[in-house]
Structure formats: C-alpha cells, structure tokens
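The values are calculated or read from the model by the stated rules, or taken from the named source; none is laboratory data. Please read all numbers here as calculations on a predicted model, not as lab measurements. A quick note on method: Cβ atoms are made from the backbone with ideal geometry, for glycine too, and the neighbour counts reach across all protein chains shown. All accessible areas refer to the heavy atoms of the entire protein, side chains included, with ligands and DNA or RNA removed. Shrake-Rupley method; radii C 1.70, N 1.55, O 1.52, S 1.80 Å.
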Amino acid sequence: MKQRILIIGSGFAGMWAAVSAARLAHLQNNDAVEIAVLAPQPELRVRPRFYEANVTTTTADLQPLFAELDIRFIAGHAERIDAAENGVWYKTPHSDSTFIPYGKLIMASGSQLHHFGIKGIAEHGFDIDQLDTARRLEEHLNDLANQPESAARNTVVVCGGGFTGIELATELPSRLKTLFGHHSKTKVVVVERGPVIGGRYSEALRNIIRDASDELGIEWRLNAGIEMVNAEGVTLQDGSRINAATVVWTAGVKASPLGENLTADRDALGRFVVSPELQIPGYSHIYATGDMAHAKTDDLGNTALMTCQHAIQLGKFAGHNAAASLLGVEGLPYRQQNYVTCLDLGAWGAVYTEGWDQQVKLVREDAKKLKIAITNELIYPPKADRDIAFAAADPLAKFV
C-alpha cells in the first residue's frame, strides 16, 4: 500500500511542495509514495498580482502539471487535523465531511486578512487578499464609472502602507483615470499608522516610494489609525473624516487557523515555529510551509516573510523533507540567504533592491521590466514537463 504525502493548499508553497516531493520520489525510483494535494481548486492563484486590473486572468491551471507528475488532486476544504489518527477531515464540494489518512502532512494553507476588529470594515470595505475579493473590488470600481461624478466617487482610501498597500495605491491613479476619464479629479489616500512612508524599508527605498507617491499625487496620512468604516468613507482615530466610495484594507494578514488544535508554538502572526527541516516540533509527521511557517532563513536572525519569494522555496524544502522522511533519505535544512524586493510603483515605474538592507539596484522602467518578468513568468508554475519541473523543484537550485 502506498504511503501518502498529503499537502493542504495549492498556492505557491503547496504547489512547489508537491512537485518537490514528486521529484525526490522519482530520483529514488520509488513508486510506493502517493503525493496528493487537497485544495478547493486545482489552480495557482497569483496573489502578488491581485492589485492589477483584469484580476480573473491571474490564475494558472495546475491540472496538466499534476497529471504529468502523477500528483493526485483532491477537491475540498480542510477543516481539522487529527494528529492522533494521522488524518485530515475535509469538506468536499458537495459539503460532505470526509476523512483522509496521511503518512506525512504538509500544511500549506496560507494566510488570510486580519481586520483587527475595525468597526464596519467587513461590511463596507474591500480588499485584494483573495481572488474573489479582488474581483469584488474590480467590479465595484467598474460600477463606479457609471455613477455621477463626485469627490467621494473619485476617492479611494487604502488602509495600510505596507508592500500591498503601496502597490495598490500607486497602481490606482492610472486605473481610476482609465475608468472615470483622464480629466476626472481622482484622489488616492493611504492611511498609515507609522510615522514615515515605508517605515520597514531602507532609507533609500523609502525615499523612492515618497518620490513616486508625490509624482503620482498620492496623499499619505501618517501616524493615523482607522476608527470606523461606513458606506460614506472612513473615520480616523483623531476624529477626522475622509469621504470615499471605496475603502480598501491592506493592513495585515495572519496565518490560516488550520491546526489550532495542535499543541505547538506559533508566532504573533499565527505561524508555526518550525524546525530547520520545517517540521512542527512534537509532530514528526507534520510539516508547515509558506505563510504557515515561522522559519529562519539564515544564521543572521532573518525569518521568512509572508511573500511568494519565501513561500516558493519553503515549499520546495518542505516537499523534499517530507518525502525524504518517508524514503529514508537525509533531509535538507531550509536556508534562503538571498533576499530581494521588487516593488511596483504604478505609472512611475518600480524599484528593485537586493539584500535585507535593501540596497537599491534598479528604478523606474528598468525595475518595471524586471517586476513584470517576475510576476508574469518567474513565479508561475513550471511547464507540464517532467524534466523541466523537477529541475525547477530542486531546493538547492538557484532561485533569486
């Protein structure tokens, strides 16, 4: 009977975990291992592109790749892990509750938006965290184009000035002009709790974000928090109001709650604190990866971020190590010493940095070309070709 590696999630980490596990089983010439992916759809949703227009095009069908690599796909939504019985309870598309056993489990169920209890944001706000919610925002903006012009119609408030908030805010001016007409007086406001623009970035990167924002006409409200959101806009914690028909929340995410019944350490973002092999301590059959894993990238104190850059590599190591454990092969400690940032800045261009200290290497159109290559090619699934896919899935192969 085959031993099953069950992977929950078909995002960047889940997809690459499956391909990497299949690669090692192939190299070991072992057909006694079944690799199965449990997810709602057999597709990769390219989340880093959800700030763009035409968001429905930002998906990739995984069925050809899975078929080529003999990876089994199971349609369903994981609900509970039964570590004592080495199995997972999941709900099928027909809402049937089903149990599936595993030899090894890889949790790659990602992350979700965190509203921090802000009043009215769930009812009146928008977000680009998931494909469905990004599509909802796009439909809303398209509908506004048919509404009478007003200051509120033409104003978008972006709540949160992190990576996602910056990319969305800088994309919006040209997007709104296309929808409302190039003579419309549009306004994009970023509300940020921190005292400076791009507070977690290097000074050089912060200066570029500020310059791009100024050129694009983006207004920043610093040292500001959201008190309440309603259909007419937002109230800030200092009592001031911003009237806007569109309020988009980008201020925080947390790891999927799957596995809350496991007795294991999690960080402030809800991620499992894992071993170098990405195992959850105390659970020798369970691995966490992608946005579910608090993992050290090096010996300098850096930790993987909730980005596709880290999820891709985390997935490759998790898949390899889960398969290695079943096959009696030595595992590989996760390491990802190289770190880059490529931030889209809308019509201004983009900026590319290298290293954790974010040294600026490319700006404007040169960086924009690289950004497009990354988000439209590099992070997409490999071709449904065994040799190409397995070469790309090698955890030790150069990625960035």
Handout entry: Sole residue being aliphatic (A, V, I, L, M), under 19 Å from the mean Cα position of the chain (by Cα) and on the phi < 0 side of the Ramachandran plot, chosen from Ala288, Ala264, Ala245
Key = Ala288
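Quick check on Leu176: is it touching a Lys or Arg at 6+ places or on another chain (Cβ under 6 Å) and modelled with pLDDT of 95 or more?
no
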Practice task
Could you check, for the range 249-258, whether at least one of its residues is of a type in the set (Gly, Ala, Ser), in contact with a Cys (Cβ under 7 Å, 6 or more places away or on another chain) and open to solvent by 40 Å² or more (accessible area, probe 1.4 Å)?
Solution key: yes
Exercise for the section: Scan the range 149-170 residue by residue and report those that are farther than 20 Å from Met228 by Cβ and modelled with pLDDT of 95 or more. Expected result: Ser150, Arg153, Asn154, Gly162, Phe163, Thr164, Ile166, Glu167, Leu168, Ala169, Thr170
Exercise for the section: Among the numbered conditions (1) closer than 20 Å to Cys308 by Cβ; (2) surrounded by fewer than 18 Cβ atoms within 10 Å (Cβ to Cβ); (3) not acidic (Asp, Glu), tell me where Ser111 comes up short. Expected result: (2)
Completion exercise
If we ask which residues in the range 114-134 are surrounded by 14 or more Cβ atoms within 10 Å (Cβ to Cβ) and acidic (Asp, Glu), their number turns out to be 2
Exercise for the section: Among residues belonging to the range 76-97 that are open to solvent by less than 40 Å² (accessible area, probe 1.4 Å) and part of a strand (DSSP E or B), point out the one that is nearest to Lys2 (Cα to Cα). Expected result: Gly87
Practice task
Among the residues of the range 221-235, write down those that are touching a residue at least 12 places away in the same chain (Cβ under 8 Å) and in contact with an Asp or Glu (Cβ under 6 Å, 6 or more places away or on another chain).
Solution key: Leu222
Completion exercise
Among Ala60, Ala36, Ala22, Ala67, the single one that is open to solvent by less than 30 Å² (accessible area, probe 1.4 Å) and part of a helix (DSSP H, G or I) is Ala22
Fill in the blank from the handout: Taking the range 344-373 and the residues there that are open to solvent by 40 Å² or more (accessible area, probe 1.4 Å) and of a type in the set (Val, Ile, Thr), the one that is nearest to Gln63 (Cα to Cα) would be Ile372
Exercise for the section: Test Asp143 against the stated conditions and say whether it is among the charged types (D, E, K, R), open to solvent by 30 Å² or more (accessible area, probe 1.4 Å), in a helix (DSSP H, G or I) and modelled with pLDDT of 95 or more. Expected result: yes
Exercise for the section: Scan the range 4-17 and give yes if some residue there is at positive phi and either touching a Gly at 6+ places or on another chain (Cβ under 9 Å) or small (Gly, Ala, Ser) (or both), otherwise no. Expected result: yes
Exercise for the section: Tell me which residues, restricted to the range 380-391, are surrounded by 19 or more Cβ atoms within 10 Å (Cβ to Cβ) and aliphatic (A, V, I, L, M). Expected result: Ala389
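Mind listing just one residue for me: the one in the range 188-206 that is of a type outside the set (Gly, Ala, Ser) and open to solvent by 50 Å² or more (accessible area, probe 1.4 Å) and, of those, nearest to Thr164 (Cα to Cα)?
Arg200
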Fill in the blank from the handout: Going through the range 259-296 in order, the residues found to be small (Gly, Ala, Ser) and surrounded by 24 or more Cβ atoms within 10 Å (Cβ to Cβ) are Gly259, Ala288, Gly290, Ala293, Ala295
Handout entry: Criterion: in contact (Cβ under 8 Å) with a residue 60 or more places away in the chain and of a type in the set (S, T, N, Q) - qualifying residue of Ser95, Ser20
Key = Ser20
Exercise for the section: Only one of these is closer than 20 Å to Tyr90 by Cα and modelled with pLDDT of 95 or more: Ala268, Ala264, Ala288. Name it. Expected result: Ala288
